[in-house]
1. Mind listing whichever residues of the stretch 95-139 are aromatic (F, W, Y) and either crowded, with 17+ Cβ neighbours inside 10 Å or at pLDDT 90 or above (or both)?
2. Quick one: which of V38, V23 is open to solvent by less than 50 Å² (accessible area, probe 1.4 Å) and farther than 17 Å from P148 by Cα?
3. Determine if the stretch 71-87 includes at least one residue that is outside any helix (DSSP H, G or I), small (G, A, S) and at pLDDT 90 or above.
4. Checking S43 against (1) of a type in the set (S, T, N, Q); (2) open to solvent by 20 Å² or more (accessible area, probe 1.4 Å); (3) farther than 19 Å from I147 by Cβ, which single condition isn't satisfied?
5. Taking the criterion of being closer than 22 Å to A141 by Cβ, under 15 Å from the mean Cα position of the chain (by Cα) and of a type in the set (D, E, K, R), would at least one residue in the stretch 59-67 satisfy it?
6. Please enumerate the residues belonging to the stretch 14-34 that are over 15 Å from H114 (Cβ atoms) and under 16 Å from the mean Cα position of the chain (by Cα).
7. If I filter the stretch 173-184 for residues that are aliphatic (A, V, I, L, M), modelled with pLDDT of 95 or more and more than 20 Å from L50 (Cα to Cα), do I get at least one hit?
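The values are calculated or read from the model by the stated rules, or taken from the named source; none is laboratory data. Only a predicted model underlies this, so the values are computations on that prediction, with no experimental measurement involved. All Cβ positions, glycine included, derive from the backbone under ideal geometry; neighbour counts span all protein chains shown. Quick note on the areas: whole protein, heavy atoms, side chains included, nothing else; ligands and nucleic acids left out. Shrake-Rupley method; radii C 1.70, N 1.55, O 1.52, S 1.80 Å.
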Amino acid sequence: MLKPLFFALIVKPLVLFICGVHVRGRENLLLDEPCIIVANHNSHIDTLILMSLFPLRRIRLLRPVAAADYFMKNRWITWFSTHVIGILALNRKKEKSYHTHPLEPFQKALNEGHSIIIFPEGSRGKAEEMEAFKTGIGHLAKMTPLIPIVPVYMSGAGKILPKGEALLVPFVIDIFIDKPLFIQEETTQDFTKRLERCITSLRTSMLKD
């Protein structure tokens, strides 16, 4: 109950009315079925912006992937991240574990009807710039080949809340959503590159407008 209230009373008014959001390709956003939302990453507000695009009835089934070392570093942040935002924590440290595959919780969430938000760059980059995608998204696509992957490019979020800043700066956000992709007979590396090219193409289209 906390999650829908938080988004209804705080996030949606903040993102949609104070910042302003222009969305192109909204019809490509899958609102009623599990999917993987893949986007570029410039700011902590990226997650809230993407989640605000979904109706409240779907909010509880949205699970952003977030770094455990940042969002689970103390009990207050852990409680807020898990109970209000509903993150799926990813351990970025290279530790060997022979119990479960690190992507299994994401696969389980998708199989249970949840949608996942992933930023394949891994960490926030400089505003309006993109870094190379890590191949984790390719491995997850291989594990869940029937789950659609929705490419998204966002512009402006890095200027609203730049890395290292704590105060929001009003700025218009442009969001470009492409048609869903599926992994084909290709390697995880090739799919990751194809997905990156797709989102880079969205960025190029935005710059031309």
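1. F106, F119, F133 - these are the residues of the stretch 95-139 that are aromatic (F, W, Y) and either crowded, with 17+ Cβ neighbours inside 10 Å or at pLDDT 90 or above (or both).
2. Working: V38 fails: farther than 17 Å from P148 by Cα.
V23 is the lone residue from the list that is open to solvent by less than 50 Å² (accessible area, probe 1.4 Å) and farther than 17 Å from P148 by Cα.
3. Going residue by residue through the stretch 71-87, those that are outside any helix (DSSP H, G or I) are 72-74, 86-87.
Now drop any that are not small (G, A, S), which leaves 86.
Of the ones still in play, those that are also at pLDDT 90 or above are 86.
Looking for residues that are outside any helix (DSSP H, G or I), small (G, A, S) and at pLDDT 90 or above, one finds at least one in the stretch 71-87, hence yes.
4. Here S43 clears every test but (2).
5. Checked against the condition, which is being closer than 22 Å to A141 by Cβ, under 15 Å from the mean Cα position of the chain (by Cα) and of a type in the set (D, E, K, R), the stretch 59-67 yields at least one hit.
6. So in the stretch 14-34, the residues over 15 Å from H114 (Cβ atoms) come out as 14-29.
Matches in the stretch 14-34: V15, V23, R26, N28, L29.
7. Of the residues in the stretch 173-184, the ones aliphatic (A, V, I, L, M) are 173, 175, 177, 181, 183.
Keeping just the survivors that are modelled with pLDDT of 95 or more gives 177, 181, 183.
Restricting the remaining residues to those that are more than 20 Å from L50 (Cα to Cα) gives 183.
The answer is yes, given that some residue of the stretch 173-184 is aliphatic (A, V, I, L, M), modelled with pLDDT of 95 or more and more than 20 Å from L50 (Cα to Cα).
Per-residue answers, yes or no, for (1) among the β-branched types (V, I, T); (2) open to solvent by less than 50 Å² (accessible area, probe 1.4 Å); (3) free of Cβ contacts under 8 Å to residues at least 40 places away in the same chain:
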position: L9; (1), (2), (3): no, no, yes
position: D32; (1), (2), (3): no, no, yes
position: S52; (1), (2), (3): no, yes, no
position: L56; (1), (2), (3): no, no, no
position: M72; (1), (2), (3): no, no, yes
position: T82; (1), (2), (3): yes, no, yes
